[in-house]
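Comments concern the structure below.
The values are calculated or read from the model by the stated rules, or taken from the named source; none is laboratory data. No experiment lies behind these values; they were computed from the predicted model shown. Reconstructed Cβ throughout: ideal geometry from the backbone, glycine too, with neighbour counts over all protein chains shown. Surface accessibility is based on the protein's heavy atoms, side chains included, excluding ligands, DNA and RNA. Shrake-Rupley method; radii C 1.70, N 1.55, O 1.52, S 1.80 Å.
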Amino acid sequence: MYISNLKVEGFRCFDKTFNLELAGGLTVIVGENGAGKTAIISSIRQLFQDSESGRYSLSSDDFHNPFSTRTQAASLTIRAEFDGMDASDKVALLPWVGASKTALLSLEAENKEIRGRFKKVLWGGISKSSQFDPELLDLVQCIYLPPLRDAEAKLSNGRQSRLSKLLKALNRKKLKECKKEDKAHPLELKVRDFNESLADDGNLGIKDAGKLINENLTKAIGHYFGQMTKIQFAESDFTRIVESLTLLFFPQSNAADEELFRELSQNSLGYNNLLYIASILAELTLDDEGEEQPLFKLLLIEEPEAHLHPQLQIRLLNYLKEVAEENKNVQVILTTHSTVLASSVDLESIVHISKSPAPIATPLRTCGLSEASTQFINRWLDATKSNLLFASGVIMVEGIAEQMLIPALAEIVLKEQEEGKRKLEDLGITVVNLNGIYFKHFMQLYCNIFSEGDKENVPYRNIPVRCAGITDLDPPKKKIEQYPDPQNPDKKIDVEEDFIPHEGNVMSGKNHAIKLVDSIAESSNSRLFVSTYKTLEYDLALEGNNAALMSKIIAELWPKPERGTSDIITEFTKLSKLDWNEIGPEETAIAAHKILKRIDDENIGKGMFAQVLTREIQNKNTPFIVPNYIKEAILWAASIDTEKDD
């Protein structure tokens, strides 16, 4: 049994009906700040009695209040649908099930405050007029862990401590038997015997202290008004006993001496959080039996990564997944901003929340990814690349050179924009290095990609975020030209030579990703942009006077000989002093060809060259021209109308 669907309207950031599809087991909700992740958790809490924090009361802030008007929503509605129910679940929740296969639990509240409270109505099933039995809510155990958790306080001894709740859950059956037979629990007997042994031991001073207190009390107020006192560690009532217990820790899992254990105040915040979560999971995984046991256990966690280093984040997430999978009546829903967690869970478990223009939930399992693409992304996604799940816009590139250069080029493209929108980071746009031309795998998250061989062009759901792909044309490196045969002028021979593209001399590319351009262009949020002539570095060299700066960098990076001079350094030093704005496209293309050849050489490498070129561009000492295809990609990801801009 699990919550399969959540519909929310008029609550917090959700104006019109917001729909969230959930799967059983573990669900990880990701997205940028302000998208509505906390509002989702809060809406679920409204339906249930939270065993950690109690019922979550409505306030005026819970009613949707748009920035476009001062008028709040007149009402709010929250509805949860339960699926995966067996016969016993359906019988127990019959009023919620009715004639359907799923159970429904709904809440409605009007924005009318009466004596500091807002009236809300809960009902099960389809009909709002049906009689609601509040005791059915006891069949659902909901535990909520907020992002700012005081784990030490929750684990400390005292009323309603986490440790006491666990011990009560472990002893629930035994306590019921003792109550029925009107006898004390074994723990109560142990503590009672212990207290008696202390009180009777004349060597400890406890007996004498009690006697002195009673004698002085009698002398002060007399026998008629007097009381009797007794000194002991705790009352011999099970609840009071377990509430007086405290949890201690040792920094290793194999303490040799129990006297070395210390109080939690001396432990780290991260480990105290883990202890707190462990105590909750211990209760959730109990194999309970009996009429009072919950049918369904729901764990809601905001930012489980709090105070944990990456390795512990991954271990915790894997265990949460294990708990959810091995216990069919346990569902775990967590929200996170951690790229480590987002990269450590399968795509099927991730739900992306976008906030523009209104919150939209996209389960990644509904994006139509093939099994091969899903497996590929699951292997490929790491803490750096998973940034795409939190971005306002995405630019996908082939390699490290593009990943370093695009942000610098974007500063040139966006320099005329208003303050605060002149860098990719200002706009929340991330550049993702695919380490290859794997656009078909990844852009399917943002658009539907159909090939000619597809039997059914079924539209799938996509993440509603702008996505731009940048790829190389990659034309043939060689071409065949015919020249007169020196030995026979009447004949011509085929000669293979380097193909050097330029304006008016372009060949089709061999990059298989180019075939995706038209299909991707049919989508609302995605485009794939292809270089005009060859590769990123080549096309950069053809623009304006870019070749001069790029030649200067090559001359500086090329290894200097121990003796004499280097012909390559000499050649590129000369090229760096030319004004390429005054030189024709054919000569510039020849220089671009030479530049690309040296960049690809192991003496420099694309990564090193891109790093230095990025620094030079950001220093703004030399004007640099951005090719149109890169400019268009940046403007697309930034949601800037290129036609209007032109």
Practice task
Report ³J(HN,Hα) in whole Hz for each residue of the stretch 470-478, in order, from the Karplus equation J = 6.51 cos²θ - 1.76 cosθ + 1.60 where θ = phi - 60°; Gly and Pro get x.
Solution key: 10, 9, 7, 5, 6, x, x, 6, 10
Handout entry: Gap separating the Cα centres of the stretch 519-547 and the stretch 573-646, nearest whole Å
Key = 12
Problem - Estimated dipole of the stretch 511-646 in Debye, rounded to 20 [Cβ of Lys and Arg +1, of Asp and Glu -1, Cα centre] - result: 480
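Given a 1.4 Å probe and every protein chain left where it sits, what share in percent of the accessible area of the chain is carbon and sulfur? Working shown, then result.
Details: 16740 of 34610 Å².
Taking all protein chains in place, the chain shows 48 percent carbon and sulfur surface.
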Problem - FRET efficiency estimate (nearest 0.05) - Cβ-Cβ, residue 282 to residue 258, R0 22 angstrom - result: 0.60
Exercise for the section: Calculate, in nm to one decimal, what residue 400 and residue 65 gain on full extension: separation in residues at 0.36 nm each, minus their alpha carbon distance. Expected result: 116.2 nm
Exercise for the section: Quickly rank 145-154, 427-436, 395-404 as a protection proxy: mean count of other C-beta atoms within 10 Å, highest first. Expected result: 395-404, 427-436, 145-154
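Rounded to the nearest 20 debye, what is the charge dipole size of the chain about its Cα centre when +1 sits on each Lys and Arg Cβ and -1 on each Asp and Glu Cβ?
Values: 75 positive and 96 negative charges, 370 e Å.
Computed charge dipole of the chain: roughly 1780 debye.
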Problem - Largest to smallest accessible area among 590, 514 [probe 1.4 Å] - result: 590, 514
Problem - Dipole of the stretch 514-634 [Lys/Arg +1, Asp/Glu -1 at C-beta], most positive-end residue of 596, 523, 554 - result: 554
Practice task
Work out the count of Lys pairs in the stretch 91-188 where the Cα-Cα distance is under 16 Å, with the pair 8 or more places apart or on different chains.
Solution key: 12
Practice task
Tell me the label-point distance for the pair residue 611, residue 493, using the 7 Å Cα-to-Cβ offset, in nm and rounded to one decimal.
Solution key: 4.7
Practice task
May I ask you to list the lysines whose Cα is less than 16 Å away from that of residue 631, ignoring any residue fewer than eight positions away on the same chain?
Solution key: 415, 421, 423, 644
Fill in the blank from the handout: Scoring only Lys, Arg, Asp and Glu (+1, +1, -1, -1) among other residues with Cβ under 12 Å from the Cβ of residue 150 yields +1
Handout entry: Rounded to 10°, Cα long-axis angle of helix 172-181 versus longest principal axis of the chain
Key = 10
Practice task
Scan the stretch 240-333 for GluC sites (Glu not before Pro) in coil per DSSP, keeping those whose Cβ has at most 13 other Cβ atoms within 10 Å, and list them by number.
Solution key: 289, 291, 292
Exercise for the section: Might you tell me the accessible area per residue for the stretch 52-171, computed with a 1.4 Å probe and given in Å²? Expected result: 57
Practice task
Just add up the charged neighbours of residue 523: K/R +1, D/E -1, any other residue whose Cβ is under 14 Å from the Cβ of residue 523.
Solution key: +2
Completion exercise
Those trypsin sites (Lys or Arg not before Pro) from the stretch 356-425 that are DSSP loop and have at most 10 other Cβ neighbours within 10 Å turn out to be 415
Practice task
Could you run the Karplus curve 6.51 cos²θ - 1.76 cosθ + 1.60 with θ = phi - 60° over the stretch 582-598 and give me ³J(HN,Hα) per residue in whole Hz, x for Gly and Pro?
Solution key: 9, 10, x, x, 5, 5, 4, 5, 5, 5, 4, 4, 5, 4, 4, 4, 6
Exercise for the section: Please determine, in degrees from 0 to 90 and to the nearest 10, the orientation of helix 206-225 with respect to the longest principal axis defined by the Cα atoms of the chain, where the helix direction is its Cα long axis. Expected result: 60
Practice task
Specify, per residue and in Å³, the volume enclosed by the convex hull of the alpha carbon atoms belonging to the chain.
Solution key: 291
Practice task
Identify the GluC sites (Glu not before Pro) of the stretch 584-646 meeting these criteria: DSSP loop state and at most 13 other C-beta atoms within 10 Å of the C-beta.
Solution key: 602
Practice task
Report the net charge of residues surrounding residue 431, where surrounding means a beta-carbon distance below 11 angstrom and charges are Lys +1, Arg +1, Asp -1, Glu -1.
Solution key: -1
Practice task
Express in Å², to the nearest 10, the accessible area of residue 438 obtained by rolling a 1.4 Å probe over the protein heavy atoms while all chains stay in place.
Solution key: 90
